1. In the P(r) worked out for region 7-48, what percent of Cα pairs fall beyond 13 Å?
2. Within region 10-46, name every residue whose backbone N is under 19 Å away from a label modeled 7 Å from Cα of ARG134 along the Cβ vector.
3. Enter the accessible area per residue of the chain (Å², integer; probe 1.4 Å; all protein chains in place).
4. What is the extension gain from MET71 to GLN116, computed as 0.36 nm multiplied by their sequence separation minus the C-alpha to C-alpha distance, in nm to one decimal?
5. What are the trypsin sites (Lys or Arg not before Pro) within region 102-150 that DSSP puts in a loop, where the Cβ has at most 11 other Cβ atoms within 10 Å?
6. Using the Cα atoms as the points, what is the convex hull volume per residue of region 84-156 in Å³?
7. In the chain, what percent of the accessible surface is made up of carbon and sulfur (1.4 Å probe, ligands and nucleic acids excluded)?
8. From the C-alpha coordinates alone, can you work out the Kirkwood hydrodynamic radius of the chain, in Å?
Amino acid sequence: YFKNILVPYDESDHARSALHIAIGLAGAYPEAKVSVVTVIPSASLPNPTLMGEGLEIPYAMGDPGSYERIMESVVQRTCEDIQEMVRQSIDDAQCRVVADAVISNSPVEGIADYVQQHDIDLVVMGRRGLGALRGMLGSVSFGVLRSVDVPVLTVK
Ligand code: ATP
Ligand code: MG
Ligand code: MG
């Protein structure tokens with residue numbers, strides 16, 4: 001059995017299916033934990049070197065720590081959104097389900113780092129995600145399959 005399962009979550013139906021499957025797997029082992037984690041790409045955050053109308057003033061000059069607070073609040077809000085989704089879509093999990101969010105250069109890098117840092121023993125993720133293109137496998141799934149050493153279950 002697996003006891004530390006990661007579900008990378010991008011708000012897609014595919015990722016929600018992955019969560020249900022992960023919870024089913026985890027239910028076989030009383031101490032199992034499912035971590036539902038969204039990676040926020042750094043590039044989607046406000047540019048720290050710009051303040052106001054295109055002025056090249058570092059954030060830190062106006063208010064040291066303000067950029068840090070922005071990042072923290074984005075992470076916090078993302079975690080709350082995940083928790084709400086879990087509340088609404090999971091009736092009665094037989095395992096611990098925790099929400100987490102991390103900022104990283106890319107979803108693949110964030111997921112691979114998370115696997116290492118949190119001793120993950122199985123990844124369950126969507127075969128596709130929010131991307132509009134159809135095909136076999138999304139780029140995040142493909143990248144994760146290439147970069148982690150633990151088993152990866154991709155689901156439709
Ligand atoms: P692409 O992004 O390549 O256009 P896509 O969006 O259809 O295609 P992926 O992004 O590879 O496909 O999504 C596959 C799975 O990867 C999702 O179901 C989800 O489990 C996971 N995933 C995608 N993006 C993220 C993210 N930012 N954070 C966490 N998990 C993610
Ligand atoms: Mg995608
Ligand atoms: Mg993408």
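The values are calculated or read from the model by the stated rules, or taken from the named source; none is laboratory data. On a predicted model such as this, the values are computed, not experimentally measured, just so you know. Backbone-built Cβ (ideal geometry, glycine too); neighbour counts: all protein chains shown. The accessibility values were calculated without ligands, DNA or RNA, using every heavy atom of the protein model including side chains. Shrake-Rupley method; radii C 1.70, N 1.55, O 1.52, S 1.80 Å.
1. That tail contains 60 percent of the Cα-Cα pairs.
2. From region 10-46, the list is 12-15.
3. 59 Å²
4. Length gained between MET71 and GLN116: 14.0 nm.
5. Hits after loop and neighbour filter: ARG134.
6. Dividing the Cα hull volume of region 84-156 by its residue count gives 126 Å³.
7. The C+S portion of the solvent-accessible surface of the chain is 52 percent.
8. It works out to 16.6 Å.
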